[in-house]
Structures are given as structure tokens and as C-alpha cells.
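Written below as C-alpha cells is the structure these notes are about.
The values are calculated or read from the model by the stated rules, or taken from the named source; none is laboratory data. The shown structure was predicted, so the numbers you read here are calculated from the model rather than taken from an experiment. Positions of Cβ are generated from backbone atoms using ideal geometry, with glycine treated the same way; all protein chains shown enter the neighbour counts. Heads up: the accessible areas ignore ligands, DNA and RNA and are worked out on the full protein's heavy atoms, side chains in. Shrake-Rupley method; radii C 1.70, N 1.55, O 1.52, S 1.80 Å.
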Amino acid sequence: MYINNLRPGLKLARTIYDMDGRILLREGATLSSRMISTLEKRGILFVYIDFGFAPDLQVEEPLSEAVRQEAARQVRNFWERVKERGRLKDVKEIQSTATRMVDEILSRPEPLLSLSQIRLYDEYLFAHSVDVAVLSVLAGLSLGYGREELIAIGTCGLLHDIGKIKVSERILNKPDRLTPGEFEQIKKHTLYARGLLPGDERLVKAATQHHERFDGQGYPLGLKGDEIDPIARIIGVADAYDAMTTDRVYRPALPVNEVVEYLSAAGGHQFDLQTIKAFIENIAAYPVGSMVRLSSGEIGVVVRNRRGVPLYPVVRVLFDGQGQPVTPYEVDLARARLMVVETLEQEKLFKLSEKIS
């Protein structure tokens, strides 16, 4: 729920951490006016609220919060060292971080990205780098890459935006949309990267080519098709997805299902079709815990997602078409030939929660 829609008395569904891994508020905390004000001051844009619809749900992410936070800190520390010293000789620490990430992802029985990370807006670049790395590793897994290759993909994901070190912080942290001139400055980060990274061509290509597009309409060189490095193609899709599904100060995130549909349509044009298919296979268009209205009119909560069918989750039906509570039961939308027609907004959730409280 967006921070400006919070009200005292709501129960927090996920623990909120700062960039250094310190807990700001624990899962289960009942929000007060003072807590909400504190979250606003810390730059928290979005939190997860427990409305009591499915208290038994447990969401397992492909990467634990501890590993995610440590990876973000490592990226931040690496950026700071590059700023101080210029080009570094190696990226061993980042490779070590990528190794931990890959090994944890491989340890999951069926890693599937469900919920988005809660972020502090002033730490966006570091959290974004971690999320792009996770998304890219998941896509690489679907494409058949082995462990060592996945580590390389993860390392490239963590460092893909390194060239932004040389872009003005005023532009990077601007709370409004960029002007055309400012956007031209941002685009130069792909060119700056080559002078900051050690000689590993995989790293360099990922950092310089992740904004190239399959149809030749990207930047900085207008490469197209097979001219674009395979890892850079993966990073490019992950980068676009994460940017569109993340809340920013100047605009809210797009719904995941809309982004999935957009990327599906862009496959074979903006993006390599094989890469898009592998990427979407790992995304839950309707994250576990989402309250949705079905084509039957019934309302329920998403309880499971299955790889390969992002638009057809398993839903626990809680309300009939008139919004009245029913005895809960689960329905697999793919098998029942039903579809989600609406993800419920906050005000509707408030009204429904009153009927079961």
C-alpha cells in the first residue's frame, strides 16, 4: 500500500529494513500516526499491509532478505571505492556476492519472483542493481545456463549501472521527470562504464549494451539482433521490468500483470523473443497475497503461482459476486478457464476487511 494511503490501526505484513539491514518496523506491528510519519521521513514509498484475508500465507522469495540486503551493501561499497579510486583492478567481492545469490536461488525448489522489494527511494540504484541481478539469474536459469555462467550473469547484473557514477547526482536523484537534456546525460552512463570496469568483456558488454534493443532502436550504438551480447539482452529485459514495476517519487509502479503483457508484446521487436519467454516464466503477474476479482465476479486472494502461466494463479475465493463472504475454496484459474479482471485497490480492501473482522 502506498504510504499516503496508510491509516493508524493497520497491521504491517512485512518487516521494513533500512539500507544497512537495521529493522525499522517489524512484521505484525500496528501502525500509529507517529510510525507512518517516520516512514514518510525515511523515504519509504510502499509497505505491505495485512488485511486478514489469508493469515496463513507464507511467501518464499528466490532470495532471502539477509542476502539481498548484503548484496545491496556490497554494491554501494563498490560504487564508493570506484568514486574514490577510479577504475578498479578486479571485482572479486562482487563476484563473491553474486555467488552467494546464485547458490541461494539454486537451493530453492522452484524459484519464482512474487513480491516486490520495499525500498528507500534514496537507495534506489543499489536495490535496483540487486533486483536486476536476481531477475537476470532467474532468466538465465530458464535459458539453461550452468552455475558458473549464472554467477557471471549475476555479477553483470550487480554492475550494469556502474557508469552512473559519472552522472550528476542532481540528475540521478531528481524527484521529477527528466528533461530531454537530462535524459541525454543519463544515457551516457553506458559509455562511461567501459572506463570504470576491469577488462572482462562480459561485464563491459552488459554495462554498455543493456539499453540496446533488438530492433536497433536502443542506445548508445543502435545495435540490433545478434549484435547485442546475450547477457546484455537478459540484463536489458530485467532492467526494463524492474524500472517499470518500482515505485518512484514522481510516479507509482505499473502493475506487474500490465508489465508482463507489455513485455510479451515486445518480444521479437524491442527484445529477443527467447529471452522474453525465459524471463516471463519466472514472474508472478499477480503476487501471492494480491486480492483479485475474477471473470466469474468472485473475489479472492492469490495463494500460489506456477511457473510458465504468470496470468493464471491459484486463487482462494473469499467473496461471491455481490461481495458477501463465502466458505473459502481454492480454484486454479488455468484449469477453471477463469481470469483475473481486476486487482483490488485500497478502498475496496478496507470495505471487504470490515466484512470479515
* To do: May I ask you to say which residue of LEU263, LEU254, LEU191, LEU221 is assigned to a helix (DSSP H, G or I), open to solvent by 70 Å² or more (accessible area, probe 1.4 Å), hydrophobic (A, V, I, L, M, F, W, C) and free of Cβ contacts under 8 Å to residues at least 40 places away in the same chain?
  => LEU191
* Asked: Checking GLY43 against (1) surrounded by 14 or more Cβ atoms within 10 Å (Cβ to Cβ); (2) of a type in the set (Gly, Ala, Ser); (3) at pLDDT 85 or above, which single condition isn't satisfied?
  -> (3)
* Structure fact -> Residue hits (region 141-165; assigned to a helix (DSSP H, G or I) and open to solvent by 10 Å² or more (accessible area, probe 1.4 Å)) are LEU141, SER142, ARG147, GLU148, GLU149, ILE151, ALA152, LYS164, ILE165
* Asked: Quick one: which of GLU281, GLU298, GLU330 is within 30 Å of GLU212 (Cβ to Cβ) and open to solvent by 10 Å² or more (accessible area, probe 1.4 Å)?
  -> GLU281
* Structure fact -> Being under 30 Å from ILE3 (Cβ atoms) and not small (Gly, Ala, Ser) narrows PRO230, PRO220, PRO175 down to just PRO175
* Candidates THR15, THR38, THR97 - the one that is at pLDDT 80 or above, among the β-branched types (Val, Ile, Thr), open to solvent by 50 Å² or more (accessible area, probe 1.4 Å) and in contact with a Leu (Cβ under 8 Å, 6 or more places away or on another chain) -> THR38
* Search result, residues across region 307-327 that are within 18 Å of SER264 (Cβ to Cβ), open to solvent by 40 Å² or more (accessible area, probe 1.4 Å) and either in contact (Cβ under 8 Å) with a residue 40 or more places away in the chain or among the hydrophobic types (A, V, I, L, M, F, W, C) (or both) -> ARG307, VAL309, LEU311
* Structure fact -> Residue hits (region 328-354; within 22 Å of SER264 (Cα to Cα) and at pLDDT below 90) are THR343
* Structure fact -> Taking region 224-241 and keeping residues crowded, with 21+ Cβ neighbours inside 10 Å and either farther than 20 Å from GLU149 by Cα or of a type in the set (A, V, I, L, M, F, W, C) (or both) leaves ILE228, ILE231, ALA232, ILE234, ILE235, VAL237, ALA238, ALA240, TYR241
* Among the residues of region 266-277, is any open to solvent by less than 20 Å² (accessible area, probe 1.4 Å), within 30 Å of ARG42 (Cα to Cα) and not β-branched (Val, Ile, Thr)? -> no
* Asked: Among the residues of region 166-186, which ones are under 22 Å from the mean Cα position of the chain (by Cα) and either buried (at least 17 other Cβ atoms within 10 Å of the Cβ) or modelled with pLDDT of 95 or more (or both)?
  -> LEU172, ILE186
